[in-house]
Amino acid sequence: DNYVAIVFREGSVFKKQLLRNTLKTIEHQLEPYTFFIRCHRICIVNTYFINALDKVDNNHWISIKQFDEKIPVSRQYLLKIKEVAPCQG
């Protein structure tokens, strides 16, 4: 089945909501909002919350402000992410 987990911040708390939809449909709905960008086949991020772009071995990861999990970046989307994210290494 097609489910998308939306992680969002409400106040200072991160929350997660599960939607029955595809990421492709969500990406299409977000097209008017240029601050949302696809970074991997499994993720779309809000560029306002990107803290850093990190490279570990040959893998790239985004860290989100005040969020503990790292978000993967695939080679396909790396150039777009580099345009908007501060690079840490």
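Here T34 fulfils each of the conditions (1) assigned to a loop (DSSP other than H, G, I, E, B); (2) more than 20 Å from S74 (Cα to Cα) apart from (2). Count of the range 48-80 residues, restricted to those that are open to solvent by 80 Å² or more (accessible area, probe 1.4 Å), under 16 Å from F36 (Cβ atoms) and either in contact with a strand residue (DSSP E or B) (Cβ under 7 Å, 6 or more places away or on another chain) or free of Cβ contacts under 8 Å to residues at least 12 places away in the same chain (or both), is 2.
Of all residues in the range 8-24, those that are open to solvent by 60 Å² or more (accessible area, probe 1.4 Å) and closer than 13 Å to I42 by Cα total 1. Each residue in the range 29-45 was checked for being open to solvent by 100 Å² or more (accessible area, probe 1.4 Å) and basic (K, R), and 1 of them qualify.
Could you tell me how many of the residues in the range 43-74 are outside any strand (DSSP E or B) and at pLDDT below 95? The total comes to 10.
The values are calculated or read from the model by the stated rules, or taken from the named source; none is laboratory data. Note that the structure is a prediction, hence the values are computed from the model and not measured. Cβ coordinates were reconstructed from backbone atoms using ideal geometry, including for glycine residues, and neighbour counts include every protein chain displayed. Protein only, heavy atoms only, side chains kept; ligands, DNA and RNA dropped before computing areas. Shrake-Rupley method; radii C 1.70, N 1.55, O 1.52, S 1.80 Å.
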